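Enquirer: One structure coming up, written as structure tokens, with questions to follow.
The values are calculated or read from the model by the stated rules, or taken from the named source; none is laboratory data. Keep in mind the model is a prediction, meaning the values are calculated, not measured. Methodologically, a virtual Cβ is constructed for each residue, glycine included, from the backbone with ideal geometry; neighbour enumeration extends over all protein chains shown.
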Amino acid sequence: MASDQKHTGGSLLFAVLQEHGVKHVFGYPGGAIMPIYDALYDSDVEHYLCRHEQGAAFAAVGYARASDKVGVCMATSGPGATNLITGLADALADSIPIVAITGQVPTAAMGSDAFQEIDVFGLSLACTKHSFQVTDINDLAGVLHQAFAIALEGRQGPVLVDIPKDIQMAEINCSLDDLSQLPNKVKLPPVDVTQAISLLSQAKKPILYVGGGVGMANAIDELREFCDKTGMPCVSTLKGLGAISPENENYLGMLGMHGTKASNLAVQESDLLVVVGARFDDRVTGKLDEFAPNAKVIHFDIDTAEINKRRKADSAILGDLKINLPALAIPLSITEWQKQCQANKAEFAWRYDHPGENIYAPAVLKEISDTMPKNTCVTTDVGQHQMWAAQHMLFNDPSDWLTSGGMGTMGFGLPAAIGAQVSRPTDCVIAVSGDGSFMMNVQELATIKRFQLPVKILLIDNAKLGMVRQWQDLFFNGRLSETDLSDNPDFIMLANAFDIKAKEISKKSEVTAAIAEMLDHDGPYLLKIKIDAEDNVWPLVPPNTANDKMMESI
Amino acid sequence: MNNYQLTITVDDKQVVLERILQVTRYRGFLINGINAVVNTGTNIGTIELMVYSERPIELLIDQINKLIDIKDVCVTKNIPYTPNA
């Protein structure tokens with residue numbers, strides 16, 4: 001039995017983090033978390049100082065999503081804690097395992113409207129999977145162990161631990177080896193695949209609809225084997241991209257609002273949807289009542305609450321995809337359906353013969369996708385560039401594609417790329433951003449500079465909030481309200497101010513050499529490409545419309 | 001609109017009642033009655049929650065069940081809605 005060691009709350013925190021294999025944390029110090037930062041001084045945990053707590057939270061998200069590790073972020077009380085909130089909400093929406101540590105004013109001052117006091121415990125209820133406030137030093141280690149267990153069990157998610165300053169400073173003698181982890185709460189009914197096998201055997205036009213849950217379950221191999229054995233035409237959600245092999249001839253691309261025509265037509269015509277780790281999100285379904293109207297549904301998930309939430313399942317298979325997917329991997333006789341889907345895929349393939357000399361962002365993204373090194377990790381912000389990247393880039397694993405899906409948070413891409421680069425230091429990391437999103441967490445260029453992270457930034461600049469502008473043109477009579485960004489800063493000068501090499505191009509003829517220069521550069525690099533402000537993302541399924549009624553041009 | 005009475009068994013942990021109330025509101029259910037007691041010997045709480053909504057009660061049960069400190073949720077009464085009753 002291990003002997004007791006003397007700890008402060010702060011030093012105990014880092015001892016427990018290290019027990020869970022945490023090597024890196026992202027954060028920002030402040031008054032109510034100073035004892036923890038004092039303990040950090042003696043710790044082996046490596047801290048990445050971000051320049052805003054939101055940046056720290058997104059870096060932790062990027063770190064977790066690019067690897068199979070838990071992301072850890074820290075902030076002080078009050079504004080530090082509230083600045084973390086958007087990152088936690090993002091992690092909750094996309095089921096990302098995060099442990100967030102917040103400092104809190106001393107217990108004696110709590111509830112007195114003290115300086116930098118906010119009820120972050122109360123705020124956390126709507127944006128975390130679970131949260132704790134530690135009011136007794138004897139509870140601290142146990143709570144931290146529970147935080148890691150809860151973040152990882154079942155459907156993963158963010159957990160917040162709020163630690164008052166006096167608890168951080170309190171002393172305790174304890175042995176870490178005595179601490180046990182929380183038993184897994186997730187208890188699911190036994191799986192019966194009889195009904196699902198029957199549905200699958202009878203289907204003539206089945207579609208495999210793959211979501212982010214496949215990557216979260218580490219079930220890529222099982223999914224690809226399922227694809228190979230069934231030969232089922234398959235589509236992916238935004239977060240599921242990378243799960244299906246891009247070489248799969250039956251893979252039709254992304255479905256939904258900006259999905260491929262082949263995907264959406266196939267889903268609408270299908271007679272069976274095999275839904276794997278996906279949740280019928282409104283950006284996927286379009287008008288829910290008219291989504292895949294003739295299809296029965298087999299729904300695989302780890303989260304009971306997703307079954308029948310938005311679409312009734314004819315067969316629900318709850319549990320671990322690694323175990324459950326192989327049970328349904330049976331050969332199917334669907335040759336005609338495969339041919340039809342493949343013909344649509346060919347007929348409606350992306351075209352890159354864009355007229356004129358101005359740069360066409362989809363073609364640039366395709367060229368980067370074709371030339372970037374294997375295992376490149378791409379992050380995005382939110383908007384037109386995000387949808388173009390989802391449409392025109394191919395990924396071999398969901399951990400190579402980090403985008404804010406459920407929350408759709410602008411400002412995600414740059415700090416997420418920082419986290420990804422820290423977790424995968426030898427892999428190429430590219431942040432694809434737009435000029436609107438980039439400015440939302442632009443301060444993180446300082447983090448890139450400080451740690452000399454070789455993140456590549458592709459800044460697609462239309463001097464607009466492009467997606468909102470597109471919707472204003474299409475659905476608000478062209479009344480362009482507050483979407484003009486023509487007074488953007490000089491992004492090249494801005495990057496240079498952080499010792500980041502940067503280049504701007506505006507002609508198609510410059511693209512190939514510029515991509516090569518960016519990818520060949522050893523350190524951080526910003527490539528700004530100027531595009532037409534009028535370029536739109538197509539196809540687009542208008543709001544509250546069935547997915548087969550997509551718009552393909554103005 | 002349907003009225004339901006849920007009986008929720010919980011571990012008596014921090015803010016467990018607030019968590020249930022937050023989820024109930026967010027998932028589209030309104031509360032028209034609540035009764036909560038804790039057995040201090042076992043640290044197990046029992047919460048009777050009267051709610052109404054147009055949404056199926058299963059959606060709320062599944063979401064409450066996901067909360068970490070919940071031991072059990074069941075519908076103990078399903079009361080048809082009577083306007084102005």
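Enquirer: Do you know which residues across the range A:292-307 are without any contact (Cβ under 8 Å) to a residue 24 or more places away in the chain and either more than 11 Å from chain B (Cβ to nearest Cβ) or among the small types (Gly, Ala, Ser) (or both)?
Expert: A:Ala305
Enquirer: Under the condition of being of a type in the set (S, T, N, Q) and surrounded by 14 or more Cβ atoms within 10 Å (Cβ to Cβ), which residue from the range B:36-83 is nearest to A:Ala126 (Cα to Cα)? Let's see the steps before the verdict.
Expert: Initially, the range B:36-83 is screened for residues of a type in the set (S, T, N, Q), giving B:39-40, B:42-43, B:46, B:53, B:63, B:65, B:76, B:78, B:82.
Right, trim to surrounded by 14 or more Cβ atoms within 10 Å (Cβ to Cβ) and you get B:46, B:53, B:63, B:65.
Working: B:Thr46: 23, B:Ser53: 20, B:Gln63: 13, B:Asn65: 16 Å.
Filtering first and then ranking leaves B:Gln63.
Enquirer: Still on this structure, I have one more. Filter the range A:114-155 for residues that are more than 20 Å from A:Gly71 (Cβ to Cβ), touching a Ser or Thr at 6+ places or on another chain (Cβ under 8 Å) and either β-branched (Val, Ile, Thr) or outside the structural domain of A:Cys73 (by TED's automatic domain parsing) (or both) and give the result.
Expert: Within the range A:114-155, A:Ile118, A:Thr135 qualify.
Enquirer: Applying the selection to the range A:233-256, what residues are farther than 25 Å from A:Val61 by Cα, touching a helix residue (DSSP H, G or I) at 6+ places or on another chain (Cβ under 7 Å) and assigned to a loop (DSSP other than H, G, I, E, B)?
Expert: Hits for the range A:233-256 are A:Pro233, A:Asn248, A:Glu249, A:Asn250.
Enquirer: Here's something else I'd like to know. Within the range A:309-317, can one find any residue that is among the β-branched types (Val, Ile, Thr) and assigned to a loop (DSSP other than H, G, I, E, B)? Steps first, answer last, please.
Expert: Of the range A:309-317, the ones among the β-branched types (Val, Ile, Thr) are A:317.
From the residues that got through so far, the ones that are assigned to a loop (DSSP other than H, G, I, E, B) too are none.
Scanning the range A:309-317, I find no residue that is among the β-branched types (Val, Ile, Thr) and assigned to a loop (DSSP other than H, G, I, E, B), so the answer is no.
Enquirer: Kindly establish whether A:Leu40 is among the hydrophobic types (A, V, I, L, M, F, W, C) and without any contact (Cβ under 8 Å) to a residue 60 or more places away in the chain. Before the answer, list the steps.
Expert: Working: among the hydrophobic types (A, V, I, L, M, F, W, C): yes; without any contact (Cβ under 8 Å) to a residue 60 or more places away in the chain: yes.
It is true that A:Leu40 is among the hydrophobic types (A, V, I, L, M, F, W, C) and without any contact (Cβ under 8 Å) to a residue 60 or more places away in the chain.
Enquirer: Yes or no: A:Gly408 surrounded by fewer than 21 Cβ atoms within 10 Å (Cβ to Cβ), at positive phi and either of a type in the set (Asp, Glu) or outside the structural domain of A:Asp281 (by TED's automatic domain parsing) (or both)?
Expert: yes
Enquirer: Checking A:Arg283 against (1) free of Cβ contacts under 8 Å to residues at least 60 places away in the same chain; (2) not in a helix (DSSP H, G or I), which single condition isn't satisfied?
Expert: Condition not satisfied by A:Arg283: (2).
Enquirer: Only one residue in A:Asp535, A:Asp461, A:Asp490 is in contact (Cβ under 8 Å) with a residue 24 or more places away in the chain and in the same structural domain as A:Val432 (by TED's automatic domain parsing), so which one is that?
Expert: A:Asp461
Enquirer: Name the residue, out of A:Gly62, A:Gly111, A:Gly71, A:Gly80, that is surrounded by fewer than 24 Cβ atoms within 10 Å (Cβ to Cβ) and either free of Cβ contacts under 8 Å to residues at least 40 places away in the same chain or not assigned by TED's automatic domain parsing to the domain that holds A:Glu444 (or both).
Expert: A:Gly111
Enquirer: While we're here: I'd like to verify a number: residues in the range A:100-121 that are touching a helix residue (DSSP H, G or I) at 6+ places or on another chain (Cβ under 7 Å), of a type outside the set (Val, Ile, Thr) and within 14 Å of chain B (Cβ to nearest Cβ), how many?
Expert: Residues meeting the conditions: 1.
Enquirer: Next question, about the same structure. Where in the range A:124-175 are there strands (runs of 3 or more DSSP E), lying fully within it, with 1 or more residues that are among the small types (Gly, Ala, Ser), within 11 Å of another protein chain (Cβ to nearest Cβ) and in contact (Cβ under 8 Å) with a residue 12 or more places away in the chain?
Expert: Fully inside the range A:124-175 and qualifying: A:130-133.
Enquirer: Find the residue count for the range B:15-35, including only residues that are crowded, with 16+ Cβ neighbours inside 10 Å and more than 18 Å from B:Ile61 (Cβ to Cβ).
Expert: The number of residues fulfilling the criteria is 1.
Enquirer: For the range B:15-24, indicate whether the set of residues that are within 10 Å of chain A (Cβ to nearest Cβ), among the basic types (Lys, Arg) and closer than 18 Å to A:Lys309 by Cβ is non-empty.
Expert: Scanning the range B:15-24 turns up no residue that is within 10 Å of chain A (Cβ to nearest Cβ), among the basic types (Lys, Arg) and closer than 18 Å to A:Lys309 by Cβ.
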